[in-house]
Amino acid sequence: MPGGWAIRKRVERGVIMRCEQRCEHCTLNLHGESPRVHHIKPLEDGGAHTLANLIVLCPNCSWKLKNGDIDQATLKQIIDEKELENTRINNLAAREIDEWFISLDNTVIYLV
């Protein structure tokens, strides 16, 4: 059974897979950008490190979220609409997710 770090990395890679290299808020193509992965409900408020509680944002939308220009409810609605995709990714073998992620050239993920 993989440890906590391995599971955490797999979830982060899964959320990048789900977004298809686009900001999940404004749909900006993130090719060449460094995606920001945000918890919709912060961990300190009882949120989980799961696909259903993570969203990928471009640097601009990340900044807007931090400044209160984008609210949690909007982000939650976006992710709720991706329930089927979350289920598909959750059912993939760890190897498939890792191989897909390795195929991306030098993608840096910022967990915010």
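Nothing in this text is a laboratory measurement; each read-out follows from the coordinates by a stated rule. Keep in mind the model is a prediction, meaning the values are calculated, not measured. Here the Cβ positions follow ideal geometry from the backbone for every residue, glycine too, while neighbour counts run over all protein chains shown.
Remarks
- Filter result for Ala93 (surrounded by fewer than 12 Cβ atoms within 10 Å (Cβ to Cβ), more than 10 Å from the chain's Cα centre (by Cα) and under 22 Å from Arg8 (Cα atoms)): yes
- Filtered by the rule that a residue be in a loop (DSSP other than H, G, I, E, B), of a type in the set (A, V, I, L, M, F, W, C) and more than 21 Å from Gln21 (Cα to Cα), the range 43-58 gives a lone residue, Ala48.
Here is a yes/no grid of residues against (1) touching a residue at least 60 places away in the same chain (Cβ under 8 Å); (2) assigned to a loop (DSSP other than H, G, I, E, B); (3) in contact with a Phe, Trp or Tyr (Cβ under 8 Å, 6 or more places away or on another chain); (4) of a type outside the set (A, V, I, L, M):
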residue: Arg8; (1), (2), (3), (4): no, no, no, yes
residue: His25; (1), (2), (3), (4): no, yes, no, yes
residue: Gly32; (1), (2), (3), (4): no, yes, no, yes
residue: His38; (1), (2), (3), (4): yes, no, no, yes
residue: Lys41; (1), (2), (3), (4): no, yes, no, yes
residue: Asn60; (1), (2), (3), (4): no, no, no, yes
residue: Lys64; (1), (2), (3), (4): no, no, no, yes
residue: Asp69; (1), (2), (3), (4): no, yes, no, yes
residue: Asn86; (1), (2), (3), (4): yes, no, no, yes
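- Among the candidates Ile40, Ile16, Ile78, the residue that is among the hydrophobic types (A, V, I, L, M, F, W, C), surrounded by fewer than 16 Cβ atoms within 10 Å (Cβ to Cβ) and under 13 Å from the mean Cα position of the chain (by Cα) is uniquely Ile78.
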